[in-house]
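Each remark here refers to the structure printed beneath this line.
A short reminder: the numbers here are calculations on the coordinates, not readings from a lab. In this text, all values refer to a predicted model and were calculated from it rather than measured experimentally. Cβ: placed from backbone, ideal geometry, glycine included. Neighbour counts: every protein chain shown.
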Ligand code: PSU
Ligand code: MN
């Protein structure tokens, strides 16, 4: 059996999902490596709102047991808004769109599960080698788009790292937003990044950046303002949904980045956290962390947590819970948009 002969016999890639639960489920199963949770297949097939959630934050972004508690809390918040949460991850080489509680617990048990941090480039290898993985924003966007999920809520998108103009450390998350017609709701990009260059890069890629709220201030994760402005702002879910809808109507494949600032009550700690971020970034430079590839982000987040005695973690949990609340799917108001 050569690779080519195996390849030729494998099921053809599925084109065009029908929004009917049984055919969706079947189609994704036929692809061979994707399991859609029946509740999510049902919701997608009957036009109920679904919100995608990532798992790198569980496997590489937060320590146990806060990671598990946060992931469950975010799922519950999504449910309370009337949408179905679709937490996405990879278990034993199978893509899971929607995790059972025991599967989420397994991924959160970071001491024993050896889960990889899976971006676009890691998807094929992780599946072929039967690995477990927490999906980053880029991989989660791919699977959300595959399943027809329109909204994805998370804490912080990846971006251009400090010094990225020489290291070329630019997160694959940015490019993925050019390929996936999904509204990504986040508290901006992590403050460990070069926010100005990240926004420039998104402009080059043609990804709309939209502040969700009263001002165009682009949020900086732990604080409500980054000092940079988004090109656009919207303050209601219908307009937000229209942005996605009209792009799709025009056959554009790209998504939208919605920036939702951390709740006001966490603003006061933002400045202190930013100081810790600056220190962590400096230490990272001294320790050559920029040469660590995908380990750079987890290293920086962990170090900021240590420097702030866990306060950064409390803020991190709060902002993710908040984006999940705002991220209540534009699907639910689809009926109100003129077709
Ligand atoms: N923000 C956090 N914690 C995280 C991440 C972002 O507060 O764990 C993750 C997201 O999954 C994001 C990824 O997609 O980091 C980006 O990693 P990189 O910079 O290696 O592309
Ligand atoms: Mn990187």
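Compute the length gained on full extension between residue 246 and residue 232: take 0.36 nm times their separation in residues and subtract their Cα-Cα distance, giving the result in nm to one decimal. Write down the numbers at each step before the final one.
Values: separation 14, 0.36 × 14 = 5.04 nm, distance 1.54 nm.
Stretched out fully, the residue 246 to residue 232 stretch lengthens by 3.5 nm.
Here the relative contact order of the chain, from alpha carbon pairs under 8 Å that lie six or more residues apart, stands at 17 percent. Among 41-52, 114-125, 131-142, the peptide with the highest mean count of other Cβ atoms within 10 Å heads the list, and the full ranking is 131-142, 41-52, 114-125. When the chain is treated as a GNM with alpha-carbon contacts under 10 Å, the residue of 112, 167, 81 showing the greatest mean-square fluctuation is 112.
Here is the size of the stretch 54-165 from its Cα atoms: Rg then Dmax, 13.6, 43 Å. Sort out for me the Cα centre separation of the stretch 265-322 from the stretch 63-126, rounded to whole Å. Cα centroid to Cα centroid, the span is 22 Å. Label-to-label distance for residue 287 and residue 253 is 3.9 nm, based on points extended 7 Å past Cα in the beta-carbon direction. If the chain linking residue 205 and residue 309 were pulled fully straight, counting 0.36 nm for each residue of separation and taking away their Cα-Cα distance, it would gain 33.7 nm. Short-range pairs are left out: with C-alpha atoms under 8 Å and at least six residues apart, the relative contact order of the stretch 84-221 is 19 percent. The ratio of the alpha-carbon radius of gyration of the stretch 34-90 to the globular-protein estimate 2.2 N^0.38 Å is 1.18. Only Cα sites of the stretch 189-294 enter the Debye sum here, all with the same form factor; the resulting log10 I(q)/I(0) across q = 0.14, 0.15, 0.21, 0.23 1/Å is -0.66, -0.73, -1.12, -1.22, listed in q order. Using the alpha-carbon positions of the chain, Rg (one decimal) and Dmax (whole number) come out as 19.1, 62 Å. For the stretch 101-223, the Kirkwood estimate of the hydrodynamic radius, built from every pair of different alpha carbons, is 15.6 Å.
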